Every structure is written in C-alpha cells, then in structure tokens.
1. Restricting to region 346-359, count the residues that are within 21 Å of Ile332 (Cβ to Cβ) and more than 23 Å from the chain's Cα centre (by Cα).
2. Please identify the pairs in which a residue from region 205-220 that is farther than 18 Å from Thr278 by Cα and aliphatic (A, V, I, L, M) has its Cβ atom under 6 Å from the Cβ atom of a residue that is part of a helix (DSSP H, G or I) and open to solvent by less than 60 Å² (accessible area, probe 1.4 Å), counting only partners at least 6 apart or on another chain.
3. Taking only region 145-184 into account, find how many residues are closer than 29 Å to Phe11 by Cβ and over 16 Å from the mean Cα position of the chain (by Cα).
4. Which one is surrounded by the most Cβ atoms within 10 Å (Cβ to Cβ), of the residues in region 334-368 that are in contact with a Leu (Cβ under 8 Å, 6 or more places away or on another chain), of a type in the set (A, V, I, L, M) and within 14 Å of Glu149 (Cα to Cα)?
5. Can you tell me which residue is farthest from Glu149 (Cα to Cα) among those in region 369-390 that are open to solvent by less than 50 Å² (accessible area, probe 1.4 Å) and more than 21 Å from the chain's Cα centre (by Cα)?
6. Can you tell me how many residues within region 136-151 are in contact with a Leu (Cβ under 7 Å, 6 or more places away or on another chain) and buried (at least 24 other Cβ atoms within 10 Å of the Cβ)?
7. Counting only residues that are open to solvent by 30 Å² or more (accessible area, probe 1.4 Å), touching a residue at least 24 places away in the same chain (Cβ under 8 Å) and in contact with a helix residue (DSSP H, G or I) (Cβ under 8 Å, 6 or more places away or on another chain), give me the helices (runs of 4 or more DSSP H) lying completely in region 250-333 with at least 3 of them.
8. Might you check whether a residue that is out of contact with any strand residue (DSSP E or B) (no Cβ under 9 Å at 6 or more places or on another chain), among the charged types (D, E, K, R) and free of Cβ contacts under 8 Å to residues at least 12 places away in the same chain occurs anywhere in region 102-118?
Amino acid sequence: MPSALDTNMRFKFSILALLLEVIIIVLFGIFVEYDTSDVSQILYPFFQDVHVMIFVGFGFLMTFLKKYGFSSVGINMLIAAFGLQWGTLMQGFWHMERGKIHVDIKSMINADFSTATALISFGAVLGKTSPVQMLILTILEITIFACNEHLVTKTLQATDVGASMTIHAFGAYFGLAVTLVLYRPGLKNKHENEESTYHSDIFAMIGTLFLWLFWPSFNSAIASEAIYQTTAIVNTYYSLAACTVVTFALSSLVDPRGKFSMVLIQNATLAGGVAVGTCADLSIHPFAAVCIGSIAGIISVLGYHFLTPLLASKLNIQDTCGVHNLHGLPGILGGIAGIVVTAIKEEVRQGVRFTPGMQAAALGSTIAIALAGGALTGGILKLPFLGQAPDQNCFDDSVYWEVPEEEKPHEIHPNNYDEHSRFEATM
C-alpha cells in the first residue's frame, strides 16, 4: 500500500509537471517563432559547450552525496529541461518584435543561462526539497532572474558578459535566502547521509572537469564580436588555471595533515571562471586575469574552510553544496573587478560606455533582488500543502526514486577470495 508521501509524489508532481508543460506549449504556440534572419550558426559550438555544462557539469558536480546521486543528476535534468523553455519565454517577453518571440542559437544560449541560476540555487537546498518544490522554485527564480537581467543589461547598461553578477551571485544568494527560510532545525547536527563516499566524489569530480573545460565558452558565448569572444576565452582560460594552482596549494595548507580536500578541488578550482566573468571580454590583460583567478581561489577555499560552518551555526543557513563559496563570493569579486576595470579604463561596447557607478548599481541591485526573491520563494515553498520529506528522509534518493537494492557483500569462499585475503594468507 503506497504511503502518503508516495501519493503526494504521484499526483501533485505529475499534475503540476504536465500542467506546466501544457501552459508552455500554449505560450510557445502563441508567441514563439523562428528568427528567419538568424546568422548565429557560428555560435552553435558555444551552445553545445554551454549545454554540456548545464546538463552534465552541474548535474555531476552535485553527485557527491552518497545516497543522492539519482536526484542530483535527475532533478538537475528536470530543472534544466523545464527551465530552458520557461527561460525562453521570460527573457523573450523583454525582446518581443511585433508580438512575437524570435528564437535562434543566441536565445537558446541565453535560455540555458537562465536555467543555471536555478541549478545554482538547487545546490544550496540539495537533498532537502521535493521535486514539486524545485519546479516551483524554477518558475519563480527564472522569472525574477529575467527581470533583474533586463535591469542590469538594458536599464543600467552594465557589462556582465560571463554573468558573474546576474547568474552566479544571483543564483547563490537566491538559493541562500531560500534555504534560510526553509531552515530545518533537525539537520543542525549533520545528517548521516550528508556525506560522500570515495566513488561519489569521483563522480562529482567528473562534473568539475566538464565545467572547467567548457567555462571559456560560457564566459564568451554572448560577447558582441569575435575579437571580444577571443579576449573572454583567453582571460577565462588563464583565470581558471591560476585559480586551480592556488586552490591546490591552499587546500593542503589549511588541512592539519597537509592533505588535499576533494570538496575544495571539486568546487574552488572553478571559482576563477566565475570571478573573471564580468570583465572577461574587456582588455584587462592576461596578468589581471591570473590575479583575479588567484584571488578567487583564495576566497573560495577560505569560504569553505571558515565561512560555511559559521553560516550554518550562527545564521541557520544550511548550504549543502557550498554555492556561496563557488558562486556567491566569486560572483561578488567579479562584480568588484568590473567596477575597478571600468573606473581605470574607458570601455565602450556598441555605443554604450560602461561606468563604475552603473557596475556598482548592477551588483547591489542583483544581490538585493536575489535575497528578496529567494526569501519570497522560500516562503511559498514552505506552504504546508506542498509537502516535503521529513528530516530523516533528507539526502535519500529512495524517497522519490525507485532505487535498485544494494548488492550483497561479496562472500569469501576457499576458491574465491580477494587480493587482500590472498596477501594475508601468505604472511
């Protein structure tokens, strides 16, 4: 006989998911059409790279939890598949022509970008929310994201080609506000499933490597001209490299035994890509790129080591994946770098002159809107009728997934024993 939670999952999620898809189908039928003047085919390789980051990179990065791998990859896929459709609509409504949203490769890249914000926030609440809650979070966050992005890029006319502010800082602080509102006192002492295993950490490292390799495409995909794309690729390439070396060095330094931490290597090595994003296409010189990457590695490692425990114990912010250290703090660093660069050197793109005042306003408004939007979303997700798994069922795939039974321990027979047993037998 199915439990109440099973029934909730079957009806509430399925009805909501199908209803939302029907709404999207109707809206696509009314508003969306091809951009017949599309000359963006050259962007398709960039789109492929970004697409891999969204579905493989983000998904596998979150598989470190020992009993939550199905949800990490699976719900990531659900959020991304729904979010890219919703993002097409929400971003498209700001750029309609004759009542229509025209889609091309660039709009597909931007739709993928919009899903990244929800996936970042998913990391903050990973293991503590239901699929129904994540669908609702995706709807609300992408809607608010599209409004903030329009404010930053069109109203304030700030530059943020790699979206340090509009995606990374926004997604991180939105997710932190959500997890604060959804705070679970029962998880104050670490849950038994909120830990990794040797193999789950290897899977998470696969996500890191995909993200690391393709991040130059993420930061350069929507640059206005080919020369600026090249600049963004070069700056991101060297920022990531510097960040990685610094992360390894500090990982060993902060550990009492001088060992590397897989948590830091999986996450802090990517902070350089986040931090250089805002000014990636600006002429900052590779020297500045490696400096930004190095600083990003420092603040990310120190954030994981000192700030995350403090946020959990003092502010009741249970940040499962540490998105504050990978996306939040480096995103702020990226925003500050944009302020400094535009103050030192005049930068003009398509007739728009970027100013430090507008860059500062963009950073401040992004964080404020993210925190307010996240708090509002958290309040909605907390409504009793939505339902969520009790504390004891957090970080466990079996609540929402059909999970194969664990294999029985290998039995040792006289003619069937492992290498370790054979070694002991010779002693």
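1. So the answer is 6.
2. Matching pairs, first to second residue: Met205/Gln266; Ile206/Phe60.
3. Number of matching residues: 4.
4. Looking at the filtered set, the residue picked out is Ala362.
5. Checking each candidate, the answer is Ala389.
6. 1
7. Once the helices (runs of 4 or more DSSP H) in region 250-333 are filtered for at least 3 residues that are open to solvent by 30 Å² or more (accessible area, probe 1.4 Å), touching a residue at least 24 places away in the same chain (Cβ under 8 Å) and in contact with a helix residue (DSSP H, G or I) (Cβ under 8 Å, 6 or more places away or on another chain), what remains is 285-302.
8. For region 102-118, residues out of contact with any strand residue (DSSP E or B) (no Cβ under 9 Å at 6 or more places or on another chain), among the charged types (D, E, K, R) and free of Cβ contacts under 8 Å to residues at least 12 places away in the same chain: absent.
The values are calculated or read from the model by the stated rules, or taken from the named source; none is laboratory data. All values reported here derive from a predicted model rather than from experimental measurement. We place every Cβ from the backbone using ideal geometry, glycine too, and count neighbours over all the protein chains shown. Heavy atoms of the whole protein, side chains included, go into the accessibility calculation; ligands, DNA and RNA do not. Shrake-Rupley method; radii C 1.70, N 1.55, O 1.52, S 1.80 Å.
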